[in-house]
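Okay, structure first, notes after.
The values are calculated or read from the model by the stated rules, or taken from the named source; none is laboratory data. Bear in mind the structure is a predicted one, so any value in this text is a computation, not a measurement. Backbone-built Cβ (ideal geometry, glycine too); neighbour counts: all protein chains shown. Just so you know, the surface numbers come from the protein's heavy atoms only, side chains and all, with ligands and any DNA or RNA stripped out. Shrake-Rupley method; radii C 1.70, N 1.55, O 1.52, S 1.80 Å.
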Amino acid sequence: MSNFNARLKEAAERVNNGLDALLPRPQGPEARLVEAMRYAAIDGGKRLRPFFTLETGRMFDADETWLLRTGCAIECVHTYSLIHDDLPCMDDDDLRRGRATLHRAFDEATALLAGDALLTLAFELLAEPATHPDPQMRCLLIAGLAKAAGAVGMVAGQVADMAGDEIGSDLIAVTRMNRLKTGALINFSVDAGATIGCASEAERTALTRYAHDVGLAFQMVDDLLDAEGVVRDTGKAVRKDKDRGKVNFVTVLGADATRERVGMLASQAKRHLAQFGPRGRVLHDAVDFIVQRRH
Ligand code: GRG
C-alpha cells in the first residue's frame, strides 16, 4: 500500500484548516449561524471527496491551492447534504459523525439555514479568483458542481431515496438512485482534479470510469454498514434503511451478492487506472480503503 493513510490524514487536516479559515467567528447576529456551520463542517468526516480532488489533481501536478479550495467547496456541499438529510422532514436522525446531528445540537431552523449557507458558500468559493486565475476554469467548476449537486444530481437522488420502494425495488432503480445521490458528487470530486490539472480527454475518460465504479462501491459498502455495522464504528444510526422501508443494494441483492459486486467494482476501478502507472497509486489504494472501511 502507498502511504495512503498519511495522505488521507493530511488531506483531512488541510480541509479542516481551510474551512476554519473560511468560517471565521463573527460577532453579532450571525454568530450562532456560523457556529452551526462550523459545528457541522469542521473536524468531522473522512474528507474523501476533497481527498479525491487533491489526489487526482496531483497526478497532473496541479496547483495545490486551487485543488484545496475546490475540495473545500465540495466538502461544503457534502456537509450541507448531510445536515439536510438528517432533518426531521427527511431522515430525522440524531447522530452524525459520532455526535448529535446539527438540528439536535442547535435547532431545526438553524440547521436548515446553516445547510443553505454552506451550499452557497461553496459557489462563492469557486467564483473567487484565488480558486483559479482563469475565469473560464472557475465557470467550469461552478457549473460542474451545480450539476452534480442539483436536480439532475444529488437532489434527484435524494428525491428517489425518499420515495422508498415507489421507485421500484430492482437493481436498475437502486443503481440509478445511488449514481445520483452519492455518485454524482464523487464523480465531480475526481473530475474537478482532472479539470484543474488539464488532463487529456483520454485521461478524463479513464478517471470518470474510475469514479463511477468507486462511487457505486462506496454506496454498496455504506449499505452493508447500515445492515451489518455498529454505531460505535459508523458514528451514525444503523439498520435504518430496512426499518424505514427504503430500497438499497442490500435490500435488493442481499449482503453476499452486494459484497461480490463491491469486489468486482473495486477490481474494475483499479483497471481504469492502469494507464497512469505509478501516478495512479494513491487512487488505487483509495479503492482498498473504500472497500475495507468500517465508517
Ligand atoms: C439533502 C440534497 C440532499 C441530499 C442528501 C448525501 C445525501 C443526499 C444524504 C446523506 C445520507 C447518505 C447515507 C447518503 C449516501 C451518501 C453517503 C454514504 C454519505 C456519507 O458520506 P461519507 O461516508 O461521510 O463520506 P463523512 O461523514 O465521512 O463525510
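Tell me, what ³J(HN,Hα) does each residue in segment 25-40 have, in order and in whole Hz, if you take phi through Karplus 6.51 cos²θ - 1.76 cosθ + 1.60 with θ = phi - 60° and put x for Gly and Pro?
6, x, 8, x, x, 7, 4, 5, 4, 5, 4, 5, 4, 5, 4, 7
Taking 8 Å as the Cα distance limit and 6 or more residues as the minimum spacing, I'd like the relative contact order of segment 1-154 as a percentage.
On the way: 163 pairs, mean separation 33.2, N = 154.
That works out to 22 percent.
Find out how many positive minus negative residues lie around residue 38, taking Lys and Arg as positive, Asp and Glu as negative, among other residues whose Cβ is under 10 Å from that of residue 38. Can you show the working numbers first?
Values: positive: 25; negative: 20, 35, 43.
Net charge in that neighbourhood comes out at -2.
Please compare each pair in 181/246; 46/181; 246/270; 9/240; 181/236 to a cut-off of 20 Å on the Cα-Cα distance and tell me which ones are over it. Walk me through the numbers on the way to the answer.
Numbers: 181/246 14 Å; 46/181 18 Å; 246/270 31 Å; 9/240 29 Å; 181/236 18 Å.
From the list (181/246; 46/181; 246/270; 9/240; 181/236), the Cα-Cα distance tops 20 Å for 246/270; 9/240.
Taking 7 Å along the Cα-to-C-beta vector as the label spot, tell me the residue 228-residue 130 distance in nanometres, rounded to one decimal.
4.5
Please report, in debye to the nearest 20, how large the charge dipole of segment 2-292 is about its Cα centre when each Lys and Arg carries +1 at its beta carbon and each Asp and Glu carries -1 there. Mind dumping the intermediate values first?
On the way: 35 positive and 42 negative charges, 111 e Å.
My answer is approximately 540 debye.
Taking the alpha carbon gyration tensor of the chain, what are the square roots of 5 times its eigenvalues, largest first, to the nearest whole Å?
Working: eigenvalues 140, 137, 57 Å².
The equivalent ellipsoid of the chain has semi-axes of 26, 26, 17 Å.
When only Cα pairs under 8 Å and 6 or more residues apart are kept, what is the percent relative contact order across segment 193-275? Let's see the in-between values first.
Values: 62 pairs, mean separation 33.4, N = 83.
Relative contact order of segment 193-275: 40 percent.
Given +1 on the Cβ of Lys and Arg, -1 on the Cβ of Asp and Glu, and no further charges, what dipole in debye does segment 1-66 carry about its Cα centre, rounded to the nearest 20? Don't jump to the answer; show the numbers that get you there.
On the way: 10 positive and 10 negative charges, 51 e Å.
Dipole size: approximately 240 debye.
Amide H to amide H under 5 Å from residue 96: which residues, 5+ apart in sequence or cross-chain, H placed 1.01 Å off N in plane?
Correct list: 101.
Over the alpha-carbon set of segment 247-295, work out the extent along each principal axis and list the three values in angstrom, largest first.
Principal axes ranked by extent give 38, 21, 16 Å for the Cα atoms.
Place a point 7 Å from the Cα of residue 200 along the Cα-to-Cβ direction; which residues of segment 267-295 have their backbone N under 16 Å from it?
273-280
Put +1 on the Cβ of each Lys and Arg and -1 on the Cβ of each Asp and Glu in segment 2-292; which of 67, 151, 180 then has its Cα farthest toward the positive end of the dipole?
Towards the positive end, the residue furthest out is 67.
Which one, 89, 171, 22, is farthest towards the positive end of the dipole of the chain when Lys and Arg carry +1 and Asp and Glu -1 on their Cβ?
Farthest along the dipole direction, towards plus: 171.
With each label point set 7 Å from Cα along the Cα-Cβ vector, what nm distance links residue 143 and residue 295?
Output for this residue pair reads 3.9 nm.
Rounded to a whole number, what % of the accessible area of segment 105-206 do carbon and sulfur atoms account for, probe 1.4 Å?
Details: 2790 of 4440 Å².
After summing per-atom areas, the C and S share lands at 63 percent.
In deg cm²/dmol and to the nearest 500, what is the mean residue ellipticity at 222 nm of the chain if only DSSP H runs of at least 4 residues count, each as -39500 (n - 2.57), divided by the residue total?
Values: 16 runs with 204 residues, N = 295.
My calculation for the chain gives -22000 deg cm²/dmol from helical runs alone.
Return the equivalent ellipsoid semi-axes of segment 26-78 as a descending list in whole Å, where each equals the square root of 5 times an eigenvalue of the C-alpha gyration tensor.
On the way: eigenvalues 154, 29, 9 Å².
Semi-axes (√(5λ), whole Å): 28, 12, 7.
Take the Cα atoms of segment 22-168, build their convex hull, and give its volume per residue in Å³. Don't skip to the end; give the middle numbers.
Details: hull volume 18.9 nm³, N = 147.
Per-residue hull volume (Cα only) is 128 Å³.
In a shell of Cβ-Cβ distance under 11 Å around residue 22, excluding residue 22 itself, what net charge do Lys and Arg (+1) and Asp and Glu (-1) give?
Working: positive: 38, 69; negative: 20, 75, 124, 128.
Its environment carries a net charge of -2.
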